[in-house]
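Everything on this sheet refers to the single structure shown next.
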Amino acid sequence: MTTLQTIPAYYFDHDELQALAEQYHEEFVHAEPFRNVVIDNFLPDDIAMQLVEEFPDPDDIAWDRGDTGAMRNNVRNYAKLGHSNEKDFGPLTRHIMLQFYSATFIKFLGTLTGQYGLIMDPHYRGGGLHSTGVGGKLMVHADKSRHPNKKVDQMFNLIYFLNPDWKEEYGGHLELWNQDLTECKRRVLPVFNRLIIFMSGTNSYHGHPQPLTCPPDRRRNSFALYYYLLERPQNKDYEGFRNFVDWVPTTEEEKALPLEETRPQLFRFEKKDNKEQKQD
């Protein structure tokens, strides 16, 4: 006989989240280098700690190997791992993930960002669970469009960190870079129970380009969810659907590589343009 595992009867509270959204709205809309906000202690500590305890290790589930840019690490334990199949989420994780896609949370996002009509992705494409080990990194990049419907445009990224007692020297800071790619404007340490929400777009460059220096038995664990908008207007922040990740070399090691290895899309476009010119 199948039985459901008991989990805490915890749900997002509408009034609490609305108050939080109003508190952080101005910070979000005026943040640099693009709209973002960091909120600490987002969940009750006991709920957050239970999420930590049921977060899977590298050998617990069939993780997927994530693309981390030109500087790839082929060692499975170091690589960025991802998993988006909810059947393998822990029971509380699965419940909390659905809370992040609830009407209560979508209303929170609307008040926080000023953007309404957001669409969720129940398939967690590119999101779900993420985990990176010591030595792992993620090149700074701007996201590709994840949704298979080209009229459904990615609008916001959400990352929730699950790393108790994470020290500054462990690294793993999420870096937010300016549009000119000359400066990191914000560094966010992936500490326990910390939430970051930021606008996704053509120039929303982010990543953690410095290799993790945490102990071998520690990992940088997080949830990632994405929110979409139907036919998002094009402007300086969003130039429309694209099918590539815009990787950007920011470390000395990355900059020493050939440009076609770190930013291959530039060469793909150049070849396409040259071909079109010859045809003309």
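The values are calculated or read from the model by the stated rules, or taken from the named source; none is laboratory data. None of the values given here were measured: they were computed from a predicted structure. With ideal geometry, Cβ positions are generated from the backbone for all residues, glycine too; neighbour counts draw on all protein chains shown.
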I'm trying to understand the selection: among the residues of region 17-52, which are within 24 Å of the chain's Cα centre (by Cα) and over 28 Å from Tyr238 (Cβ atoms)?
Asp40, Asn41, Leu43, Pro44, Asp45, Asp46, Ile47, Ala48, Met49, Gln50, Leu51, Val52
From the option list Gly117, Gly136, Gly126, single residue qualifying as among the small types (Gly, Ala, Ser), within 13 Å of the chain's Cα centre (by Cα) and part of a loop (DSSP other than H, G, I, E, B) is Gly126
Identify, please: which residue in region 64-105 is outside any helix (DSSP H, G or I) and aliphatic (A, V, I, L, M) and is, among those, modelled with the highest pLDDT?
Leu81
Is at least one residue of region 234-246 assigned to a strand (DSSP E or B) and in contact with a strand residue (DSSP E or B) (Cβ under 6 Å, 6 or more places away or on another chain)?
yes
When you look at Ile39, is it touching a Pro at 6+ places or on another chain (Cβ under 9 Å) and either in a helix (DSSP H, G or I) or modelled with pLDDT of 95 or more (or both), yes or no?
no
Going through region 220-247 in order, the residues found to be of a type in the set (D, E, K, R) and either closer than 19 Å to Pro122 by Cβ or in contact with a Ser or Thr (Cβ under 9 Å, 6 or more places away or on another chain) (or both) are Arg220, Lys236, Asp237, Glu239, Arg242, Asp246
